[in-house]
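What follows is a short report on a single structure.
The values are calculated or read from the model by the stated rules, or taken from the named source; none is laboratory data. Since we're looking at a predicted model, the values are computed, not measured. All Cβ positions, glycine included, derive from the backbone under ideal geometry; neighbour counts span all protein chains shown.
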Amino acid sequence: MKGVSLAIETIIILILASAVLVTMLTFFNVNVDPTRDIVQSALAVNTACANYMTKAGTCEVSGLDNVDEFNRQLSLNVAKACKLANDKEGKYPSCQYEDDLNIQCLRECCSSYCSV
């Protein structure tokens, strides 16, 4: 009888240990995801703003309708990254649309690159 008792106790301990492990992994995974999203959106904003400023050279987007397709794509990349960051963090209220880059959004989102 002692051999059967040991096996049942071992199975119960393994089940409890597995339950604790799953609970801990779930807890840490839930707490890490929002932080990872914020870091990824900040990286996307910095990359988009740096690319825009390297190519365009200015934060003045007036007359955006008259720019070539390459600069338009750079502008849309900034707008998309800033809208994503606004959706995740609420940091850029001027950036509501990912298909339109207005001057307030550009200056707000790329403030470290634009001298206002």
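Take residue 51 and tell me if it is on the phi < 0 side of the Ramachandran plot and modelled with pLDDT of 80 or more. Please lay out each step first, then the result.
On the way: on the phi < 0 side of the Ramachandran plot: yes; modelled with pLDDT of 80 or more: yes.
So residue 51 fits the description; yes.
Taking region 71-116 as the range and being hydroxyl-bearing (Ser, Thr, Tyr) and either closer than 12 Å to residue 45 by Cα or part of a helix (DSSP H, G or I) (or both) as the test, the residues that pass are 75, 92, 111, 112, 113. When 98, 69, 60 are screened for being touching a Lys or Arg at 6+ places or on another chain (Cβ under 8 Å) and either modelled with pLDDT under 75 or of a type in the set (Asp, Glu) (or both), only 98 passes.
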